[in-house]
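Undergrad: Below you'll find the structure I mean.
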Amino acid sequence: MSTKYKHWVALMTDLVKCEIKVYDSMVSLIPYEILKEELAPLSITIPNLLNTIDFYEECVYANDCSRDWWFPWPIERMDVPQHTNQGDYGMFVLKHIELLSAEIPLATCTSQNMPFFWFKLAA
């Protein structure tokens, strides 16, 4: 992204829905259209890489993809708790990745809980 939009977000590629999900804890910083424009190369590259390795021909997802996986994947900004402290971008990204990988709802990832998360990380 351009230097005007320096910001951390977490991304998840959904191999079943064939889409890219963006977890952005401060959506007011980057307009959605700019975000989609900046991530557009990923929406083309990921399906091309999966095609190159015959991922959908040889794996369990072959019949599960909910759309034509070989076309550019849509980029969807997910609804997540927003924060107010601009210094917490990185911690929000780390927590989103941690909670998503453990299949825990993101509702606990709030600005009010950041001091605890910072303390937990330091410990």
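Undergrad: By how many nm would the segment from ILE104 to GLU57 grow when fully extended, if each residue of separation counts as 0.36 nm and the alpha-carbon distance is taken off?
TA: Details: separation 47, 0.36 × 47 = 16.92 nm, distance 3.13 nm.
The ILE104-GLU57 span can extend by a further 13.8 nm.
Undergrad: Taking LYS6 as the anchor, which lysines have their alpha carbon closer than 20 Å to its alpha carbon, excluding any fewer than eight residues away along the same chain?
TA: LYS21, LYS36, LYS95
Undergrad: Modelling each spin label as a point 7 Å along the Cα-to-Cβ direction, I'd like the ALA40/LYS17 distance in nm, to one decimal.
TA: If labels sit at ALA40 and LYS17, their model points lie 2.3 nm apart.
Undergrad: Please order SER25, SER101, SER43 by the number of other Cβ within 10 Å, starting at the fewest.
TA: Details: SER25 25, SER101 9, SER43 18.
Ranked by crowding around the Cβ, least crowded first: SER101, SER43, SER25.
Undergrad: Provide the FRET efficiency to the nearest 0.05 for the LYS120-ILE97 pair, computing r from the beta carbons and using R0 = 22 Å.
TA: Here the calculated transfer efficiency is 0.90.
Bear in mind that the values in this text are calculations on the coordinates, not laboratory data. Since the model is a prediction, treat every value here as computed from it, not as a measurement. Using ideal geometry, Cβ is built from the backbone for each residue, glycine included, and neighbour counts are taken over all protein chains shown.
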